[in-house]
Amino acid sequence: MAARGKRVAVGVVAPSMRCVNRLLGLGLASVFLSVPALAAAPAAWAESAMVKVRSGASAQARSELRLTAARNEFVSFQVALHGGDAGLRGVRASLASLDGPSRIAGTDVTLYREAYVTTKQPSVKGEPVGAWPDGLVPDRDEIAGEARKAFPFDVPAGEARAVWVDVRVPENAPAGDYVGEVTVTADGGFTSRVTVRLAVVDAALPSTPALASAFLLWPPHVCNAHFGRTDCTPAELEPLLTRYQRMALEHRITLSGPFPRSPWAPDWAAFDATWGPFLEGTAPTRLPGAKATTLEYVGPLTASALADFTAHVRARGWLDRAYAQVGDEPPYGASFEDVRAHAELVRQSAPGLRTLLTTNSAELANHSLEDLVDVAVPLVNHLDGTEAPYVGDQRGTYAGFLARPGRQVWAYQSCMSHGCAYGTNAPENKPGAGWPSYMLDRSAAKARAMEWVSFLEGATGELYYQTVGMLPTAWTDQYRFNGNGDGTLFYPGTVAAIGGSTAVPVASIRLKLIRQGVQDYEWLTAVSRAGDPAFARKVARELIPAASRVPDDGAAFDAARLRLIQRYQELTGASTPTPPATGDANSGGTPTPVTPPATGGTASGGSTPTPAPTGTVPSAAVDAPSGGCSAGGGGGTAMLAGLLVLGAWWSRGARRARVRVPVRMSPRRRRG
């Protein structure tokens, strides 16, 4: 008897058993081979900030993310899209707010279109070349507040693209659970929604970070990128340079000397009016009261110029953040004789002005420079290295230097992490290992790792030699010193490139990841100051066994950060919001204890979720074979459709989809 109206597990109407046998007699293999695979539909899914969504990424089935943050902390995530077989046209995305105990909206929520840089040779042997996501074109920019041309954009057929989302938790946001929804639309009626659940913990990050930073910016590169020449006057360039500094402070780093070098000395009244707000904490940054943590002397190394600068910054209360670099990587960038002469000049003519030198403890001792250098800045490769004499943790070798009053150890990374311009690649850069790296074709984890290593090695500051090295060609080419992105963390937000009417800097994904690393350093410091430095160090060391062994697992960084937040709450008695009831523990998870997933699944960034089937069930019926099998008005047609769908799924690699076709009806169904 036909089982009218009954449904099998594939969701189609069942025909009679006689008809089933007849259909099976056609030969499933011939049926599957004779019908083309069903078209892959476009898709949108939630993605961690710790995954670089390359154009060849596969569509995922993840509609929700969970995030955790303190007040005055930034969190980021992505909405990734796949064009399917037909592609997407006119893609737009929006996130009106996150709502909970209060509302997070306006300038605290920013969406970006991810732009891609096409690499022609890898920074590290074995990394794929091609399109890498990095530049972030804002929907409405953070500096001038103007609408830009992030949207609409297209997703080519068979390729993936992504939208980056930044959320800053306001400094007065009550602790609790917040929920928002990113809506993605495209031409032809495509609509998809991604839910984000944010747990705000009862804590706040300071606007000025504990980790000092001196990221350099060479003004002529900015002049060239925005004006097409290198001879801009201060009046032309300074308004733009202040926007770069503002963006840097909002990413928790300091551009230590972004002001024009000529003429020197500057008009101090004009200098104070332009740059004073960044040093005083009165600039209109989204991090209220954020102050520059460093101030570099960039004038000539003459006694009178040094004395004039020092007198002025002392009078303004900025001397404790000021420094003069007395040499760069001796004996390569300067001789040790020149370093000594410069340091002695600063000591004699500018008492109180700190001296900084990029060198390590061995060189300080070998050249008797401990009394002339206040801030030693060794390579990360020399702080926890793999080659003699810097093998292993080198913190102990700085004990004598740090015992002197006012001495500090900072750290920096360079092309030493990928091979510089010598045509070689560092042997430690193997899959799942390698140094911290700011190259755009390295993992997100490696861009976030430097500040963790700094904490482990006792460094209280970070230096980076350049942020605009390839700014004029940043949108298309950043290959420098054998690395893609070496010395370039910004993009030129010209009107031609991003729209609007005001030129602004554009952030890179790497700059966002550095900001996350600085915030991680803040949590490490907070746990230490709250009474458990051993726990903070344990978490960091379990994450990064050695500076040369940074994992590529972004989920591991998020899980480690959560452990720090939980421990801080235990130490301080801060309240913990009730975790959301549903959703994936992505990109930060919940403030309750988290057990990282073993493999697969739809858990956080860095892991590879199980792909969803790319075929879709058509709404129109497929013609039945001749012979006229029918049951209950079309059961044979529906059964064939179900078989074809199953075959299409199987042929497209969806064996994990758990599609079940019962071989016989249950007794209850037979009686019906």
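The values are calculated or read from the model by the stated rules, or taken from the named source; none is laboratory data. Predicted model only: the values in this text are computed from it and were never measured. Using ideal geometry, Cβ is built from the backbone for each residue, glycine included, and neighbour counts are taken over all protein chains shown.
May I ask you to verify whether Ala144 is buried (at least 19 other Cβ atoms within 10 Å of the Cβ) and either assigned by TED's automatic domain parsing to the domain that holds Ser94 or aromatic (Phe, Trp, Tyr) (or both)? No; evaluated as a whole, the condition is false for this residue.
Reported count of residues in the range 331-371, each being hydrophobic (A, V, I, L, M, F, W, C), touching a Lys or Arg at 6+ places or on another chain (Cβ under 8 Å) and either over 26 Å from Val391 (Cα atoms) or not assigned by TED's automatic domain parsing to the domain that holds Tyr412 (or both), is 0. Might you let me know whether the range 183-202 holds any residue that is among the hydroxyl-bearing types (Ser, Thr, Tyr), within 30 Å of Trp410 (Cα to Cα) and surrounded by 16 or more Cβ atoms within 10 Å (Cβ to Cβ)? No, the range 183-202 has no match at all.
So for the range 299-319 (the condition being in the same structural domain as Arg395 (by TED's automatic domain parsing), within 18 Å of Thr460 (Cα to Cα), part of a helix (DSSP H, G or I) and among the hydroxyl-bearing types (Ser, Thr, Tyr)), does at least one residue qualify? Within the range 299-319, not a single residue is in the same structural domain as Arg395 (by TED's automatic domain parsing), within 18 Å of Thr460 (Cα to Cα), part of a helix (DSSP H, G or I) and among the hydroxyl-bearing types (Ser, Thr, Tyr). The set of residues in the range 375-421 being charged (D, E, K, R), crowded, with 21+ Cβ neighbours inside 10 Å and in a loop (DSSP other than H, G, I, E, B) is empty. Mind listing whichever residues of the range 272-283 are in contact (Cβ under 8 Å) with a residue 24 or more places away in the chain and either part of a loop (DSSP other than H, G, I, E, B) or not polar (S, T, N, Q) (or both)? Across the range 272-283, the qualifying residues are Asp272, Trp275, Gly276, Phe278, Leu279, Gly281, Ala283. All conditions but one from (1) assigned to a loop (DSSP other than H, G, I, E, B); (2) touching a Leu at 6+ places or on another chain (Cβ under 8 Å); (3) surrounded by fewer than 24 Cβ atoms within 10 Å (Cβ to Cβ) apply to Asp154; the one that does not is (1). Within the set Ala175, Ala273, the sole residue that is outside the structural domain of Ser94 (by TED's automatic domain parsing) and either modelled with pLDDT of 95 or more or surrounded by 15 or more Cβ atoms within 10 Å (Cβ to Cβ) (or both) turns out to be Ala273.
If you go through the range 166-207 and keep only what is in a loop (DSSP other than H, G, I, E, B) and of a type in the set (Val, Ile, Thr), you end up with just Val169. Of the residues making up the range 387-416, those that are in contact (Cβ under 8 Å) with a residue 40 or more places away in the chain and more than 15 Å from Glu457 (Cα to Cα) are Gly406, Ser414, Cys415. Exactly one residue out of Arg354, Arg347 is charged (D, E, K, R), under 29 Å from Val313 (Cα atoms) and in contact (Cβ under 8 Å) with a residue 40 or more places away in the chain, and it is Arg354.
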